[in-house]
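So the structure is just underneath, and the comments pick up after that.
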Protein chains: 2
Amino acid sequence: MPHIQLPKDLQGIRSAMAFRPETAKPLNELAEALLHAPNSLPQADRELIATYVSYLNDCYFCQTVHGAIAAACLNDDHDLVKRVKADFQAAEISDKLKALLVIAAKVQKGGKNVTSDDVQAARAQGATDTEIHDAVLISAAFCMYNRYVDGLDTWQPREESLYRERGKKTAREGYVEMSKEYLPRQL
Amino acid sequence: MPHIQLPKDLQGIRSAMAFRPETAKPLNELAEALLHAPNSLPQADRELIATYVSYLNDCYFCQTVHGAIAAACLNDDHDLVKRVKADFQAAEISDKLKALLVIAAKVQKGGKNVTSDDVQAARAQGATDTEIHDAVLISAAFCMYNRYVDGLDTWQPREESLYRERGKKTAREGYVEMSKEYLPRQL
């Protein structure tokens with residue numbers, strides 16, 4: 001049961017956001033800017049970084065939601081998402097994304113773990129400064145979202161199918177649009 | 001030297017925000033909503049939570065900036081800020097803030113560490129659901145800001161005096177207003 005009284009019909013971060021719309025607004029806008037806005041990094045790559053960091057933080061809700069969104073961007077290849085979580089170095093993803101996942105995994109443990117060598121390795125695979133910046137901030141942001149979702153002990157039903165349909169819609173419409181389902185209209 | 005090419009005249013998170021204004025906007029709005037907007041939790045208490053979590057994450061920039069803002073809210077009592085960092089249970093702060101700092105410290109390690117007993121202890125000291133929510137989200141958010149600042153290896157000069165004047169101004173004017181110093185006007 002959640003630690004505070006959250007709306008009962010909403011899952012995970014949606015219940016926390018509906019409880020506190022003032023903070024939900026920038027939280028959704030940050031996800032939109034990082035994961036959904038136009039970017040030289042493919043949407044699937046950004047969602048895979050979010051999924052992988054949420055997996056490292058052992059957050060069921062976020063890894064399942066963002067895994068579903070990543071799969072929706074990858075012609076429903078849910079197996080690839082699972083292989084990235086299990087061993088991304090062996091998965092069929094670009095070497096650039098592998099180098100960015102190395103950085104994201106360091107940031108998950110703490111920002112000071114990132115080395116110049118990690119950054120040079122990403123540059124050698126063609127990563128730009130903005131892409132390196134975004135990999136760092138996506139990882140940092142999911143260290144927040146994951147703690148928020150689990151720190152309030154939100155309701156996280158374990159039926160993956162629940163997350164798949166919503167993942168497809170979020171992949172298409174983005175976070176700000178989806179937040180209209182549970183946030184008051186005037187925000 | 002920062003891992004990517006950041007504006008050279010700006011310190012810490014300000015350099016990263018100037019580099020990427022699209023994400024700076026929601027990042028500043030989140031800090032504004034959590035730390036500066038009207039709230040039943042005093043501004044000093046919220047800044048002390050931010051300072052303490054940044055100290056636990058060993059982020060020099062954030063603990064010094066938010067420590068300076070907290071001190072500005074506490075009649076310049078910089079010693080009290082230091083005592084909170086060293087041993088908040090022995091510091092002259094309210095029992096409610098102590099209970100919220102216990103929750104914040106658990107969230108810093110990972111959201112699942114928060115127990116019903118921790119939440120009950122905060123309620124017994126008069127904490128409302130919104131105050132418990134905000135303590136969780138402030139801690140989670142600083143697990144992001146700290147990783148962002150250190151993950152890019154931003155410039156963090158070690159002269160505390162640099163941070164004190166800006167801390168007073170931020171305590172008064174807030175995060176969104178201060179961001180106008182380094183963000184393009186059209187945002």
Counting only residues that are at the interface with chain A (Cβ under 8 Å from one of its Cβ atoms), among the acidic types (D, E) and touching a residue at least 60 places away in the same chain (Cβ under 8 Å), how many does region B:111-133 have? 0
Out of curiosity, is B:A72 under 30 Å from B:S15 (Cβ atoms) and touching a residue at least 40 places away in the same chain (Cβ under 8 Å)? yes
Given the options B:Q43, B:Q63, B:Q11, name the one that is under 12 Å from the mean Cα position of the chain (by Cα) and surrounded by fewer than 22 Cβ atoms within 10 Å (Cβ to Cβ). B:Q43
Could you count how many residues in region B:26-40 are among the charged types (D, E, K, R) and either without any contact (Cβ under 8 Å) to a residue 60 or more places away in the chain or surrounded by fewer than 20 Cβ atoms within 10 Å (Cβ to Cβ) (or both)? 1
With A:A16, A:A31 as the choices, which residue is under 11 Å from A:Y182 (Cβ atoms) and touching a Pro at 6+ places or on another chain (Cβ under 9 Å)? A:A16
Among the residues that make up region B:83-92, is at least one of them within 28 Å of A:A16 (Cβ to Cβ) and not in a helix (DSSP H, G or I)? no
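Kindly evaluate A:L48 against the criterion of being away from every other protein chain (no Cβ under 14 Å), surrounded by fewer than 24 Cβ atoms within 10 Å (Cβ to Cβ), among the hydrophobic types (A, V, I, L, M, F, W, C) and over 18 Å from A:G151 (Cα atoms).
no
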Consider B:L30 against the criteria (1) under 14 Å from the mean Cα position of the chain (by Cα); (2) part of a loop (DSSP other than H, G, I, E, B): it satisfies all of them except one. Which criterion is unmet? (2)
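Every number here is computed from the coordinates shown, using simple stated rules; none is lab data. Bear in mind the structure is a predicted one, so any value in this text is a computation, not a measurement. Positions of Cβ are backbone-derived with ideal geometry, glycine not excepted, and every protein chain shown enters the neighbour counts.
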